[in-house]
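Chemist: Handing you this structure, nothing more for now.
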Amino acid sequence: MKKTFPIEPADTKIRLENQTPRKVFFLLSGLRFAETESFSKGMQLAEHTGLPCAVRYNGTRLNYWKVTMSGIIKELGDGLILRRSRAEDAEALVVFNHKIHAEGEWDGKGLDAWTRDLISGKQPNFGVDDFTIIEDTKDHKFVSSMNLISQTWTYEGVPFGVGRPELVGTLPEYRRRGLVREQFKLVHQWSAERGELVQVITGIPNYYSQFDYEMALNLGGARMGYAPGVKALKDDEEETYHLRAALETDLALIAELYESGCKRSLIAAKWDMALWRHELSGKDRHNINMRLLYIIEDDRNESVGFVAVPPIKWGNSIAITAYELKPGVSWVKVTPSVVRWLWQFGEEQAKEQGKKHECFGLSLGEEHPAYQVYGEHMPRKRKPYAWYMRVPDLAKFILKIAPALEVRLEQSILNEYDGTLKLNFFRSGLRMTFESGKIIGVENLGTDTLKDCGAEFPGLSFLQILFGRRSLVEVRYYVADCSVKNDEVRVLLEALFPRKPSNVWGIS
């Protein structure tokens, strides 16, 4: 028989988000387990659907899920348990993540702040219980952990749900026991329950490929310069543009300019106003993944653009990670002022953080208008790294982005195309059916239906063209056993999946 406990304090206001909850046990941080007919007066519960929901408790966002009375998700043997995080785990998680991930004093300070910000529950897209924890009950210490940061990205403007696992780590003496694999299984389950079609992660080279991830989307990319590249003002010149810290009243402009800049990128993250407000004033000043927002003004004090810059120096360099201008404002005229400001900002950071200041950069992806106008002053090119991408149900994702693919097809020489595209991934496959240029069916294929395919993409190499990181020609060059049957299939693949760089400001 299920036991029930009252929520304490009884008159606390709890606001529901996403959907009406159903009858289920809830674990609320700082509260007891409860199965009740009302959270606040008059709020009725019905039968549980199994879908994720969220509540706000005294302004803090909490996810709630069906759990056992002990809160343990799984016992792993030898005294190890897998469970979700609680608010009281905050400092222990800070210590754990610092020990696993910190590289130096200021990097460690940034990691500490990031962990505290996440588990605070104040981030709009992250709950107090969105960390997984493996605990050794013999001495009550955390031995492994990760989390899931849910968000929305777009593919040529078509939105889709994304789950971002982060802060993955295990104490050295507990490695090679499959603890990370257990947590990925759970986090992937959470992500699926939230309707997220793609999972993404950054980090350890090659490591996440064992969990069905492929490095298939550009990550970063920059142009770097040194002191001689900072164009000094002439004796009779005055600065035409200056920068100031952004205010909440500037967020509408920042959001508008950000959305405009996203059109240059195949994949982009969606930022709503709640996320912009949290970035501006809701995070710790030294959170390693937050960005300081600054408004660019002209000599009449009119806002013409914005930049974003990390609060902690990257070694001996300082870099802008977002830079957008209003339509019609000259990149040629504004960029020298931005670089002069950036150099001075880097000098101030270096003094505060006890670091050298030798280099400045524009970390704006593979391509950006500022590179075209200031590139000769930034001789060092830093090529993009890559996001790991996981697409557990490829057919479902292709159907989701079908409107974008159909626009590409309509603009190609294969508009009004009728036919079938069948792809062989060797352990699986994909069939796309077209009628008058529209995608009328997509299905995943098993190994027994892979004969007579139009193209072959070993492993997860198809994701390279799906997310625009490589062209079909490049994938066929780098992956020797990638093949295309005939010219019609080649032209169709090139029309549907052209190479297009992305620069994603992922939500962390």
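Chemist: Which pairs have Cβ atoms under 6 Å, sit 6 or more apart or on different chains, and link a residue in region 425-446 that is charged (D, E, K, R) to one that is open to solvent by less than 60 Å² (accessible area, probe 1.4 Å)?
Modeler: Close Cβ pairs satisfying both conditions: R431/K422; R431/L445; K438/E406; E443/A395.
Chemist: Only one of V504, V484 is among the β-branched types (V, I, T), over 21 Å from G221 (Cα atoms), open to solvent by 10 Å² or more (accessible area, probe 1.4 Å) and in contact with a strand residue (DSSP E or B) (Cβ under 9 Å, 6 or more places away or on another chain); which? Walk me through it before giving the result.
Modeler: Details: V504 fails: over 21 Å from G221 (Cα atoms).
Of the residues listed, the single one that is among the β-branched types (V, I, T), over 21 Å from G221 (Cα atoms), open to solvent by 10 Å² or more (accessible area, probe 1.4 Å) and in contact with a strand residue (DSSP E or B) (Cβ under 9 Å, 6 or more places away or on another chain) is V484.
Chemist: If you take just the strands (runs of 3 or more DSSP E) that sit entirely in region 346-391, which of them hold at least 2 residues that are at pLDDT 95 or above and open to solvent by less than 40 Å² (accessible area, probe 1.4 Å)? Spell out how you get there, then give the answer.
Modeler: Working: elements: 359-362, 380-382, 385-390.
In region 346-391, the matching strands (runs of 3 or more DSSP E) lie at 359-362, 385-390.
Chemist: Here's another thing I want to ask about it. Suppose we keep only residues that are part of a loop (DSSP other than H, G, I, E, B) and among the charged types (D, E, K, R) within region 254-296. Which one would you say is modelled with the lowest pLDDT?
Modeler: Let us first name the residues in region 254-296 that are part of a loop (DSSP other than H, G, I, E, B), namely 263-266, 270-272, 283-291.
Keeping just the survivors that are among the charged types (D, E, K, R) gives 263-264, 270, 272, 283-285, 291.
Values: K263: 96, R264: 97, K270: 98, D272: 97, K283: 96, D284: 95, R285: 92, R291: 97.
Taking the candidates together, the pick is R285.
Chemist: While we're looking at this one, here's another question. S145 passes all but one of (1) within 30 Å of I267 (Cβ to Cβ); (2) touching a helix residue (DSSP H, G or I) at 6+ places or on another chain (Cβ under 9 Å); (3) surrounded by fewer than 22 Cβ atoms within 10 Å (Cβ to Cβ); which number fails?
Modeler: (3)
Chemist: Being assigned to a loop (DSSP other than H, G, I, E, B) and among the hydroxyl-bearing types (S, T, Y) is the requirement here; does T249 meet it?
Modeler: Details: assigned to a loop (DSSP other than H, G, I, E, B): no; among the hydroxyl-bearing types (S, T, Y): yes.
No; evaluated as a whole, the condition is false for this residue.
Chemist: Taking only pairs six or more apart or across chains, which ones have beta-carbon atoms under 6 Å, a first residue in region 236-254 that is over 15 Å from R291 (Cα atoms), and a second residue that is surrounded by fewer than 11 Cβ atoms within 10 Å (Cβ to Cβ)?
Modeler: Listed pairs, sorted by first residue: T240/D299.
Chemist: Then there is this: Mind listing whichever residues of region 439-464 are touching a helix residue (DSSP H, G or I) at 6+ places or on another chain (Cβ under 6 Å) and assigned to a strand (DSSP E or B)?
Modeler: I439, V442, E443, N444, A455
Chemist: Suppose we filter region 288-341 for residues that are open to solvent by 30 Å² or more (accessible area, probe 1.4 Å) and either β-branched (V, I, T) or within 26 Å of R116 (Cα to Cα) (or both); how many remain? Can you show your working first?
Modeler: Of region 288-341, the ones open to solvent by 30 Å² or more (accessible area, probe 1.4 Å) are 288-289, 291, 294, 299-302, 314-316, 326-333, 340-341.
Remaining after also requiring either β-branched (V, I, T) or within 26 Å of R116 (Cα to Cα) (or both): 288-289, 291, 294, 314-315, 329, 332.
Residues meeting the conditions: 8.
Chemist: Which residue pairs have Cβ atoms under 6 Å apart, sit 6 or more places apart or on different chains, and have a first residue in region 366-383 that is farther than 21 Å from V504 by Cβ and a second that is surrounded by 15 or more Cβ atoms within 10 Å (Cβ to Cβ) and among the polar types (S, T, N, Q)?
Modeler: So the pair list comes out as V373/T335; Y374/T335.
Chemist: Moving on to the next point. Which one is nearest to V407 (Cα to Cα), of the residues in region 428-475 that are of a type in the set (D, E, K, R) and either modelled with pLDDT under 95 or open to solvent by less than 10 Å² (accessible area, probe 1.4 Å) (or both)?
Modeler: Taking region 428-475 and keeping what is of a type in the set (D, E, K, R), we get 431, 435, 438, 443, 448, 451-452, 456, 469-470, 474.
So of that shortlist, the ones also either modelled with pLDDT under 95 or open to solvent by less than 10 Å² (accessible area, probe 1.4 Å) (or both) come out as 448, 451-452.
Values: D448: 32, K451: 29, D452: 27 Å.
Filtering region 428-475 for residues that are of a type in the set (D, E, K, R) and either modelled with pLDDT under 95 or open to solvent by less than 10 Å² (accessible area, probe 1.4 Å) (or both), the one nearest to V407 (Cα to Cα) comes out as D452.
Chemist: Say we look at region 186-233 and pick out the residues that are closer than 20 Å to K396 by Cα and of a type in the set (D, E, K, R); which of these is surrounded by the fewest Cβ atoms within 10 Å (Cβ to Cβ)?
Modeler: The initial filter retains those residues of region 186-233 that are closer than 20 Å to K396 by Cα, namely 187-200, 211-214, 216-217.
Adding the requirement that they be of a type in the set (D, E, K, R) leaves 193-194, 196, 212, 214.
Details: E193: 13, R194: 16, E196: 23, D212: 16, E214: 22.
Filtering region 186-233 for residues that are closer than 20 Å to K396 by Cα and of a type in the set (D, E, K, R), the one surrounded by the fewest Cβ atoms within 10 Å (Cβ to Cβ) comes out as E193.
Chemist: Related question: Mind listing just one residue for me: the one in region 425-478 that is of a type in the set (S, T, N, Q) and under 29 Å from the mean Cα position of the chain (by Cα) and, of those, farthest from L492 (Cα to Cα)?
Modeler: Of the residues in region 425-478, the ones of a type in the set (S, T, N, Q) are 428, 433, 436, 444, 447, 449, 461, 464, 471.
Add one more test, that the residue is under 29 Å from the mean Cα position of the chain (by Cα), and what stays is 428, 444, 461, 464, 471.
Numbers: S428: 20, N444: 19, S461: 17, Q464: 16, S471: 13 Å.
Of everything passing the filter in region 425-478, S428 is farthest from L492 (Cα to Cα).
Chemist: Additional query: Quick check on my filter: what residues within region 316-346 are small (G, A, S) and free of Cβ contacts under 8 Å to residues at least 24 places away in the same chain?
Modeler: Pass one, region 316-346, residues small (G, A, S): 317, 319, 322, 328, 330, 337, 346.
The answer is G328, S330.
Chemist: Another one. Out of curiosity, is T240 open to solvent by 40 Å² or more (accessible area, probe 1.4 Å), in a loop (DSSP other than H, G, I, E, B) and hydroxyl-bearing (S, T, Y)? Show your work before the answer.
Modeler: On the way: open to solvent by 40 Å² or more (accessible area, probe 1.4 Å): yes; in a loop (DSSP other than H, G, I, E, B): yes; hydroxyl-bearing (S, T, Y): yes.
In short, yes.
Chemist: Do any residues in region 222-234 that are farther than 17 Å from V373 by Cβ and in contact (Cβ under 8 Å) with a residue 40 or more places away in the chain have Cβ atoms under 8 Å from those of residues that are in a loop (DSSP other than H, G, I, E, B) and not aliphatic (A, V, I, L, M), where the two are at least six apart or on different chains, and which pairs are they?
Modeler: Y226/E358; A227/E358; L233/E239
Chemist: Also, I was wondering about something else. I'd like to check something: does region 489-496 contain any residue that is assigned to a strand (DSSP E or B), surrounded by 15 or more Cβ atoms within 10 Å (Cβ to Cβ), aliphatic (A, V, I, L, M) and at pLDDT 95 or above?
Modeler: First, the residues of region 489-496 that are assigned to a strand (DSSP E or B): none.
No.
Chemist: If a residue must be in contact with a strand residue (DSSP E or B) (Cβ under 7 Å, 6 or more places away or on another chain) and either assigned to a helix (DSSP H, G or I) or open to solvent by less than 40 Å² (accessible area, probe 1.4 Å) (or both), how many such residues does region 73-100 contain?
Modeler: Just the residues of region 73-100 that are in contact with a strand residue (DSSP E or B) (Cβ under 7 Å, 6 or more places away or on another chain), to begin with: 73-76, 79-85, 89, 92-93, 96-97, 100.
If we keep only those that are either assigned to a helix (DSSP H, G or I) or open to solvent by less than 40 Å² (accessible area, probe 1.4 Å) (or both) too, we end up with 79-85, 89, 92-93, 96-97, 100.
Total satisfying the criteria: 13.
Chemist: Out of region 176-212, which residues are of a type in the set (S, T, N, Q) and in a strand (DSSP E or B)?
Modeler: Keep residues of region 176-212 that are of a type in the set (S, T, N, Q), which gives 183, 189, 191, 199, 202, 206, 209-210.
The answer is Q199, and nothing else.
Chemist: I've got another one for you. Could you check N415 against (1) assigned to a loop (DSSP other than H, G, I, E, B); (2) open to solvent by 60 Å² or more (accessible area, probe 1.4 Å); (3) out of contact with any Leu (no Cβ under 7 Å at 6 or more places or on another chain) and say which number it fails?
Modeler: N415 satisfies every listed condition except (3).
Chemist: Moving to a separate point now. Among the residues of region 101-117, what is the count of those that are open to solvent by 40 Å² or more (accessible area, probe 1.4 Å) and over 19 Å from A350 (Cα atoms)?
Modeler: Qualifying residue count for the region: 2.
Chemist: What number of residues within region 398-411 are open to solvent by less than 30 Å² (accessible area, probe 1.4 Å) and under 19 Å from R499 (Cβ atoms)?
Modeler: Residues of region 398-411 that are open to solvent by less than 30 Å² (accessible area, probe 1.4 Å), as a first pass: 398, 401-402, 404-405, 408-409.
From what is left, the residues that are under 19 Å from R499 (Cβ atoms) are 398, 401, 404-405, 408-409.
Of the residues in region 398-411, 6 are open to solvent by less than 30 Å² (accessible area, probe 1.4 Å) and under 19 Å from R499 (Cβ atoms).
Chemist: Could you check region 297-316 and list, in sequence order, the residues that are assigned to a strand (DSSP E or B) and either among the hydrophobic types (A, V, I, L, M, F, W, C) or at pLDDT below 95 (or both)? Please lay out each step first, then the result.
Modeler: At the first step, the residues of region 297-316 found to be assigned to a strand (DSSP E or B) are 297, 303-309, 314.
Answer for region 297-316, where residues must be assigned to a strand (DSSP E or B) and either among the hydrophobic types (A, V, I, L, M, F, W, C) or at pLDDT below 95 (or both): V304, F306, V307, A308, V309, W314.
Chemist: May I pose another question? Exactly one condition in (1) closer than 26 Å to H357 by Cα; (2) in contact with a Leu (Cβ under 8 Å, 6 or more places away or on another chain); (3) surrounded by 16 or more Cβ atoms within 10 Å (Cβ to Cβ) is not met by A245; state its number.
Modeler: Only one criterion is unmet by A245, namely (3).
The values are calculated or read from the model by the stated rules, or taken from the named source; none is laboratory data. The model shown is predicted, which means the values in this text are computed figures rather than measured ones. For neighbour counting, all protein chains shown are included, and Cβ atoms are generated from backbone atoms with ideal geometry for every residue, glycine included. Accessible surface is based on the protein model in full, side chains and every heavy atom, while ligands, DNA and RNA are left aside. Shrake-Rupley method; radii C 1.70, N 1.55, O 1.52, S 1.80 Å.
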